[in-house]
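Any read-out appearing in this document is the output of simple, stated calculations on the displayed coordinates, not a laboratory observation. Bear in mind the structure is a predicted one, so any value in this text is a computation, not a measurement. Ideal geometry is used to build each Cβ from the backbone, glycine not excepted, and the neighbour counts take in all protein chains shown.
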Amino acid sequence: MTKGIFDKILVPQGILAPSDLTADEKKSLYAEMQDCGASEMFAYTRFFRDGFAQWEIDGILALKVAYINWLKTEEKLFIEVRCVGEVAVPGDDNMAQYRHFYRIPPRPMEGQSFEEREFDITVPGDFWRFLGDVAYRKRFGQFMFERGMKSYKTVMKRFAADDWHEWERQGIRQFTEQFAEKLTNK
């Protein structure tokens with residue numbers, strides 16, 4: 001198996017052909033996915049029949065970082081990033097675990113003052129609390145809709161609980177890179 005075989009599934013709804021992996025490689029794939037919280041049937045369906053949505057490919061941590069960066073550039077939020085650890089965030093080789101300090105700009109009509117909050121994207125629930133304002137949450141719902149999470153209700157429920165399977169948290173891109181590396185090193 002070559003590492004490039006998984007490039008097929010790194011596009012939304014991309015799938016592998018049954019002949020792309022040997023029977024032993026498929027068994028290993030299913031076992032790895034089970035270790036990350038997915039059933040064998042789910043793994044088979046996603047890898048060989050339906051594919052993955054963009055949010056599943058990128059992973060939750062990488063999407064949180066992408067949305068924060070979007071807020072910084074498009075919404076002009078002041079977000080200061082300070083590294084507080086050595087835990088890698090999927091999707092960015094240079095990012096360690098970050099704690100973000102941010103300031104929401106005042107709304108001129110309401111005369112609000114700046115509000116500072118602190119959060120850590122790796123702490124369950126902190127990201128959803130970070131969004132706080134309903135408008136930011138709705139924009140995030142649209143952001144996730146564009147990446148294949150089709151229901152705002154699902155976005156609210158999943159991000160409020162912030163309880164993800166490991167494969168969702170890290171993303172299929174990172175999962176397949178690690179899986180291919182394991183197979184190569186056998």
**Q.** Residue pairs, from the table K157/K182; K64/K150; K72/K150; K8/K153, whose Cα atoms sit over 23 Å apart
**A.** K157/K182; K72/K150; K8/K153
Q: With an 8 Å cut-off on Cα pairs and a minimum separation of 6 or more residues, tell me the relative contact order of segment 1-58 in percent.
A: 46 percent
Q | Orientation-averaged projected area, Cα convex hull of segment 1-45 (nm²) | A | 3.2 nm²
Q) Which of the peptides 141-149, 55-63, 21-29, 166-174 is most tightly packed, and how do the rest follow, going by the mean number of other Cβ atoms within 10 Å of each residue? A) 55-63, 166-174, 141-149, 21-29
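For segment 17-71, what class follows from the C-alpha gyration tensor (a ≥ b ≥ c being the square roots of its eigenvalues): rounded when a/c is under 1.5, otherwise prolate if a/b is larger than b/c, else oblate?
Prolate shape, in that a/c is at least 1.5 and a/b is the bigger ratio.
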Q: Obtain the nm distance between the two label points defined at Y152 and N185 by a simple spin-label model: each point lies 7 Å from its Cα along the Cα-to-C-beta direction.
A: 4.5 nm
